[in-house]
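The values are calculated or read from the model by the stated rules, or taken from the named source; none is laboratory data. Everything quoted here is computed from the prediction, not taken from an experiment. Using ideal geometry, Cβ is built from the backbone for each residue, glycine included, and neighbour counts are taken over all protein chains shown.
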Amino acid sequence: MARTVDPNRVAERRSAITHAATELFATHGYERTTATQIARAAGLSSGSVFYYFKDKAAVFRSIFELSIPLHAEVIARHIDRTDCLEAIVGIVDELAGEALDPAAPGLMVELLRRLDQDEELTEVVLEDARLSAEALATLLDRGIRAGQFDPGFEPAETARWILAIVDGAFLNADPANPRDPRPLVRATVSRLLRPIETENS
């Protein structure tokens, strides 16, 4: 008789592996982190990692796969706000806040190294960026039609620039001197998109 698989148990074990791997990849790098180290940090037996994941690359991808539903929740909290500037600033504030995670700088380095080597990872990152860009473009378009933003800003292109500002919070993170990037990100985006009446005053 086949053994029944408990989906909750599987999800818990996968989550434990992903969270343990996050710290190890950020601290030691992808290449220097072994499945045995990940299993030990997760409190599991040495062979457990490859029971729950196809390979080490899949473990690394799982870190970034988690971002998609989390960022969907961020978007859902702001997408229906009538003040489009506040909605956009709210989204970028939450996205940039992730740079405060001590693991963020190390993970960013490893992500940039892995993108050319893992097409599936690239697809995950592009899908995450697409969802955020579409949400920002929707708010920008709505704000333009409501007279809140300069109509000269093309929504899709401007959304990509805003996400580049958020990326800067990660690329400029200094683990030796951690600082909250959100005030600067908020100010940069707010000044870029400040209402027309403010610009003309």
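Key figures
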read-out	value
In the range 103-136, the residues that are free of Cβ contacts under 8 Å to residues at least 40 places away in the same chain and under 19 Å from Leu70 (Cα atoms)	Thr122, Glu123, Leu126, Ala129, Arg130, Ala133, Glu134
Whichever residue in the range 154-172 is of a type in the set (D, E, K, R) and closer than 17 Å to Val185 by Cβ and, among such residues, is nearest to the chain's Cα centre (by Cα)	Asp167
Given (1) in a helix (DSSP H, G or I); (2) surrounded by 15 or more Cβ atoms within 10 Å (Cβ to Cβ); (3) outside the structural domain of Gly147 (by TED's automatic domain parsing); (4) under 21 Å from the mean Cα position of the chain (by Cα), index of the condition Ala99 fails	(3)
Residue list for the range 93-133, restricted to those being among the charged types (D, E, K, R) and under 22 Å from Ser190 (Cβ atoms)	Asp93, Glu94, Glu98
Meets criteria (in a helix (DSSP H, G or I), assigned by TED's automatic domain parsing to the domain that holds Val185 and either within 30 Å of Ala187 (Cβ to Cβ) or not charged (D, E, K, R) (or both)) for Asp80	no
Candidate set from the range 157-201 (those that are part of a loop (DSSP other than H, G, I, E, B) and within 17 Å of Leu139 (Cβ to Cβ)); member that is modelled with the highest pLDDT	Arg194
Yes/no for Thr138 being under 23 Å from Leu184 (Cα atoms), part of a helix (DSSP H, G or I), more than 16 Å from the chain's Cα centre (by Cα) and outside the structural domain of Thr22 (by TED's automatic domain parsing)	no
Residues of the range 142-153 classified as surrounded by 13 or more Cβ atoms within 10 Å (Cβ to Cβ) and either part of a loop (DSSP other than H, G, I, E, B) or within 23 Å of the chain's Cα centre (by Cα) (or both), total	4
The range 56-77, subset of a type in the set (A, V, I, L, M) and either over 10 Å from the mean Cα position of the chain (by Cα) or outside any helix (DSSP H, G or I) (or both), residue nearest to Ala135 (Cα to Cα)	Ile75
Positions within the range 1-33 being assigned to a loop (DSSP other than H, G, I, E, B) and either among the aromatic types (Phe, Trp, Tyr) or more than 24 Å from the chain's Cα centre (by Cα) (or both), in sequence order	Met1, Ala2, Arg3, Thr4, Val5, Asp6, Tyr30
